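Contents: one structure, followed by commentary.
We did not get these values from a lab; they are worked out from the coordinates using the rules stated. Computed from a prediction, not measured in an experiment: that's the story for all the values here. Backbone-built Cβ (ideal geometry, glycine too); neighbour counts: all protein chains shown.
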Ligand SMILES: Nc1ncnc2c1ncn2[C@@H]1O[C@H](COP(=O)(O)OP(=O)(O)O)[C@@H](O)[C@H]1O
Ligand SMILES: [Mg+2]
């Protein structure tokens, strides 16, 4: 059986993912002109909610603004931001029933994760250099292509490679090992090399654009943190927070297509960074 390539799918103009567009932007905030908007964006503040939860001192420091201006911007963001809402336990139970598990290929790891990598979740795989994070990323990419009855999702994969460690040859080896056509596997894994943190964030937007035409079931960012490591206080780097927010913004893709987003990190996971209840941590 010949499967369609991504480009053939684009021609079909089949929309499989709806990505919500933000209603308001930073330019809509009171007292924010083009120069201030640029400062906010440069500091990684794209979303109003991200601004609404800051303190004036923090925002002033990170976006290089005055504290009074920051306080006014935050007050405006609090009024305009979409803060989400409450849902019933029943609705959440319905959502949980739709959760699927992607096999890691290792029964012990699957058992540790309660059956595999959960859909509708951001999963952070962390561990020191050489601990196997990239190998897990490659294996998950291949497993996603497997049919449902073999623990896969019969879907496609986006892979952001920040350390130049993606190896198509390894994908071919792994595909052969699980009994799928290596060429088919490589056709269905879409890889982009991210050259710096800003590029990494742009690629997240590119995934949003491309995923409208591709049946994406898994997104991998390997590694989420390496381009942010030059900072001695990584957890306080605005760009780092921006990347975390960008990853969270991909969650609608994950929920619509019920696919997980897997990010690797050589740092202690920034649990406070992702407050989504669907996020999981897995030590490599
Ligand atoms: N092609 C391969 N075949 C078998 N084992 C490999 C291959 N490539 C890497 N490994 C093993 O996987 C280990 C983990 O590598 P890697 O996943 O790159 O670690 P990390 O991403 O955590 O730094 C390596 O030390 C090596 O032993
Ligand atoms: Mg690696």
Ranked 169, 46, criterion: other C-beta atoms within 10 Å, fewest first: 169, 46
For the range 26-80: relative contact order, % (alpha-carbon pairs under 8 angstrom, 6 or more apart): 40
Once label points are set 7 Å from the Cα along Cα→Cβ at both residue 27 and residue 198, what is their separation, rounded to one decimal in nm? 1.9
What is the extension gain from residue 163 to residue 111, computed as 0.36 nm multiplied by their sequence separation minus the C-alpha to C-alpha distance, in nm to one decimal? 15.8 nm
Cα-based equivalent ellipsoid, the range 100-240: semi-axes from gyration tensor eigenvalues, Å: 25, 18, 15
Diffusion constant of the range 26-80 at 4 °C, which comes from Stokes-Einstein with the Kirkwood Cα-pair radius and 1.567 mPa s, µm²/s: 124
Strictly greater than 26 Å: what percent of every Cα pair in the range 31-142 meets that? 52
What ranking of 138, 199 emerges when the number of other C-beta atoms within 10 Å of each C-beta is taken as an exposure proxy, fewest first? 199, 138
If each part is reduced to its alpha-carbon centroid, the range 189-216 and the range 96-129 end up apart, in Å, by 22
Listed with the fewest Cβ neighbours within 10 Å leading, 133, 78 appear as 78, 133
